[in-house]
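What follows is one structure encoded as structure tokens, with my remarks underneath.
The values are calculated or read from the model by the stated rules, or taken from the named source; none is laboratory data. Because the structure is a prediction, the values reported are computed rather than measured. Reconstructed Cβ throughout: ideal geometry from the backbone, glycine too, with neighbour counts over all protein chains shown.
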Amino acid sequence: MECLVSEVQEVAENLLITRSLSKQFGGVKAADSIDIEIISGELHALIGPNGAGKTTLISLITGILECDSGEIEFDGRKINDISAPSRSLMGLARSFQVTSILKDFTCQENVAVAIQAHHGHSFRFWKRVSSEADIQDKAVDVLQSVGLQNHLDTIAGNLAYGEQRHLEIAIALATTPKLLVLDEPLAGMGRSDSARILEFLKSLKRKYTILLIEHDMDAVFALADRISVMVYGRLIKSDTPDNVRKDEFVQMAYLGHDD
């Protein structure tokens, strides 16, 4: 009975699990037998130098790439054979390293389209979308949650870069994700924009389970509950920020020595 209770608690606690997940491109092992667990409610950061395999790993998790071997389990269900759109419908939402907004649409239209697509109606005419009050109301609520309530009718391409990143995250949030995957949300930002995004990400903690890929180590250590470190396609450490910071192998492989 104790064993059964333990297994039930593990299923409830671990929202995402990968087991021996592997992907190879030619002779390069971009993901080499990766075992990772994302606990429900945590902000889990994935770090590593360029070419470490971070983007490959999240592309495998979100279904953009097919794995060569291994297993992905999300919310208690094996998802290897499930398509990327279907994984999105299950609650896996990803923002990209480069903004992927509809720059000629307003902020509200961007979010409304995401809501509509998530409900399986991505090919309706835009006039029909505009007439659906429930979709528009939710779009307004989502934009308010990310601080863009004063930009409902602003053309997305006219937003400042930092605001465009807010909008991209709003589009991901519009799908009501169980796991929010953020791919370098601070990339290309100046100091002031980075500070605003950092405060915004802090506001998302505990509201969403987040997998964060980021090169800004100050941001990572300020945000993360746990950190996983990848080097050359392998996961070399997964632990609390303090333990990762102190690990000598991690220091040599990525963080650098203090001396």
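Values for this structure:
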read-out	value
Subset of region 206-259 (residues that are without any contact (Cβ under 8 Å) to a residue 24 or more places away in the chain, part of a loop (DSSP other than H, G, I, E, B) and not small (Gly, Ala, Ser))	LYS207, THR240, ASP247, HIS257, ASP258, ASP259
Region 52-69, residues that are closer than 19 Å to VAL229 by Cα and without any contact (Cβ under 8 Å) to a residue 60 or more places away in the chain	SER59, LEU60
Filtered residues of region 226-259 (kept if of a type in the set (D, E, K, R) and either within 23 Å of the chain's Cα centre (by Cα) or at pLDDT 95 or above (or both))	ARG226, ARG234, LYS237, ASP239, ASP242, ARG245
Single unsatisfied condition, LYS202 versus (1) surrounded by fewer than 19 Cβ atoms within 10 Å (Cβ to Cβ); (2) touching a Leu at 6+ places or on another chain (Cβ under 9 Å); (3) farther than 14 Å from ALA219 by Cβ	(3)
Qualifying residue in region 67-83 (condition: more than 30 Å from SER22 (Cβ to Cβ), at pLDDT 90 or above and surrounded by 21 or more Cβ atoms within 10 Å (Cβ to Cβ))	no
Count of region 53-107 residues which are in a strand (DSSP E or B) and not β-branched (Val, Ile, Thr)	11
One residue from LEU182, LEU152 being crowded, with 21+ Cβ neighbours inside 10 Å and either more than 19 Å from the chain's Cα centre (by Cα) or in the same structural domain as GLY76 (by TED's automatic domain parsing) (or both)	LEU182
Residue match in region 135-145 (condition: at pLDDT below 90, assigned to a helix (DSSP H, G or I) and not polar (S, T, N, Q))	yes
Residues satisfying the stated conditions in region 175-205, i.e. of a type outside the set (A, V, I, L, M, F, W, C) and not in a helix (DSSP H, G or I)	THR175, THR176, PRO177, LYS178, ASP183, GLU184, PRO185, GLY188, GLY190, LYS205
Number of the condition not met by ARG165 [criteria: (1) within 27 Å of GLN136 (Cα to Cα); (2) of a type outside the set (Gly, Ala, Ser); (3) surrounded by 15 or more Cβ atoms within 10 Å (Cβ to Cβ); (4) modelled with pLDDT of 90 or more]	(4)
The one condition in (1) within 24 Å of SER145 (Cα to Cα); (2) surrounded by 21 or more Cβ atoms within 10 Å (Cβ to Cβ) that HIS118 fails to fulfil	(2)
